[in-house]
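Enquirer: Let me give you the structure first, and then I'll get to my questions.
The values are calculated or read from the model by the stated rules, or taken from the named source; none is laboratory data. Given the structure is predicted, the values throughout are model-derived calculations rather than measurements. A quick note on method: Cβ atoms are made from the backbone with ideal geometry, for glycine too, and the neighbour counts reach across all protein chains shown.
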Amino acid sequence: MKRDEQDDSAGAEPQKMKRKEYEAELERLHVELVKLQLWVVAKGLKVCVVFEGRDTAGKGGTIKALTERVSPRVFRVVALPAPTDREKSQMYVQRYMEHMPAAGEIVIFDRSWYNRAGVERVMEFTPEAKVRRFLQVAPLMEKAIVESGVVLLKYWLEVSEAEQTRRLKERANDGRKLWKLSPMDLKSYGRWYDYSRARDEMFAATDTPYAPWYVARTDDKRRGRLNIIRHVLDKVPYKEVPREKITFPKRQKRGDYVEPDYPFKYVKEQY
């Protein structure tokens, strides 16, 4: 996906964000996310955030940055495995709908019903006729979701071809990241333009006024994460919920309590 004309005129790509700058800004955004969380609970809002994009685009890291300082009972992450035989016999969107937010919840989909328009289509797991039908039905389904009171945010994380190659090779050579490199990643790697075509058709069919797609460039993962979090905060209007001043009660006195003479099995302190 090309930058717009305004961005092109800006010249060279900005330097990748330094860790210190990133962590300072992320800390500020985390404070705002906590305020958002309290507001969502207080007002009974329902928010659904969908993350899509090519392999290595940074979905997992973005979701971790978005959720690491908030309650998992409010910010609920959904990353569904391959469907079971029973789920395959259901209406396609059925297993996704059961995870939609109730009042006071923010549900985050790490990949979503758009699997059908992306990986299933490119890897030929689904007949083309079913893909076409999905692209017709998805906007209608999302209209119903939005009209039910759900704030629906859809993000496409855009990574360049060169950066994807770099990240995949890094996974192959880093023992900490080998688990991220699946046979599916390797198969899909060679189908860059098939994915491009699938993305383009998906946008053309499902980028609607009531449920638009927002594209975030993620070659610089840190900038991408911050931009997305800031965007979520901007798209879900919130205020700081008033709260009473926190006062800690006094500790009780020891009284007749005596430490037991018990052979506790302590973890060996090796660090």
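Enquirer: When region 68-77 is examined, which residues are found to be surrounded by 13 or more Cβ atoms within 10 Å (Cβ to Cβ) and over 9 Å from the mean Cα position of the chain (by Cα)?
Expert: The initial filter retains those residues of region 68-77 that are surrounded by 13 or more Cβ atoms within 10 Å (Cβ to Cβ), namely 69-71, 74-77.
Correct list: Arg69, Val70, Ser71, Val74, Phe75, Arg76.
Enquirer: If you scan region 180-205, which residues turn out to be under 19 Å from the mean Cα position of the chain (by Cα) and farther than 16 Å from Ala57 by Cα?
Expert: Met202, Phe203
Enquirer: Still on this structure, please answer the following. Which of the residues spanning region 39-67 are over 21 Å from Met184 (Cα atoms), part of a helix (DSSP H, G or I) and in contact with an Asp or Glu (Cβ under 8 Å, 6 or more places away or on another chain)?
Expert: Trp39, Val40, Ile63
A quick yes/no check of all residues on (1) part of a strand (DSSP E or B); (2) modelled with pLDDT of 95 or more; (3) at negative phi; (4) touching a helix residue (DSSP H, G or I) at 6+ places or on another chain (Cβ under 8 Å):
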| site | (1), (2), (3), (4) |
| --- | --- |
| Tyr96 | no, yes, yes, yes |
| Met100 | no, yes, yes, yes |
| Glu124 | no, no, no, no |
| Val131 | no, yes, yes, yes |
| Val137 | no, yes, yes, no |
| Leu140 | no, yes, yes, no |
| Lys143 | no, yes, yes, no |
| Tyr155 | yes, yes, yes, yes |
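Enquirer: What number of residues in region 185-225 are of a type outside the set (D, E, K, R), surrounded by 18 or more Cβ atoms within 10 Å (Cβ to Cβ) and out of contact with any Phe, Trp or Tyr (no Cβ under 9 Å at 6 or more places or on another chain)?
Expert: Number of matching residues: 5.
Enquirer: Only one of (1) over 25 Å from Thr56 (Cα atoms); (2) polar (S, T, N, Q); (3) surrounded by 14 or more Cβ atoms within 10 Å (Cβ to Cβ) is not met by Thr84, so which one is it?
Expert: (3)
Enquirer: Being out of contact with any helix residue (DSSP H, G or I) (no Cβ under 7 Å at 6 or more places or on another chain), without any contact (Cβ under 8 Å) to a residue 12 or more places away in the chain and not in a helix (DSSP H, G or I) narrows it down to one of Ala24, Ala82, so name that one.
Expert: Ala82
Enquirer: Give the residues of region 39-67 that are surrounded by fewer than 18 Cβ atoms within 10 Å (Cβ to Cβ), out of contact with any strand residue (DSSP E or B) (no Cβ under 9 Å at 6 or more places or on another chain) and among the hydrophobic types (A, V, I, L, M, F, W, C), sorted by residue number.
Expert: Trp39, Ala42
Enquirer: Which residue pairs have Cβ atoms closer than 7 Å, lie 6 or more positions apart in sequence or on different chains, and pair a first residue in region 218-243 that is closer than 22 Å to Leu38 by Cβ with a second residue that is outside any helix (DSSP H, G or I)?
Expert: Ile228/Tyr155; Ile228/Ala216; His231/Tyr214; Val232/Val49; Val232/Leu153; Lys235/Leu153; Val236/Val47; Val236/Val151
Enquirer: Would you confirm whether any residue within region 144-152 is over 21 Å from Tyr114 (Cβ atoms), under 22 Å from the mean Cα position of the chain (by Cα) and surrounded by fewer than 16 Cβ atoms within 10 Å (Cβ to Cβ)?
Expert: Scanning region 144-152, I find at least one residue that is over 21 Å from Tyr114 (Cβ atoms), under 22 Å from the mean Cα position of the chain (by Cα) and surrounded by fewer than 16 Cβ atoms within 10 Å (Cβ to Cβ), so the answer is yes.
Enquirer: Would you check if there is a residue in region 187-207 being out of contact with any Leu (no Cβ under 6 Å at 6 or more places or on another chain), under 25 Å from Val232 (Cα atoms) and not in a helix (DSSP H, G or I)?
Expert: Looking for residues that are out of contact with any Leu (no Cβ under 6 Å at 6 or more places or on another chain), under 25 Å from Val232 (Cα atoms) and not in a helix (DSSP H, G or I), one finds at least one in region 187-207, hence yes.
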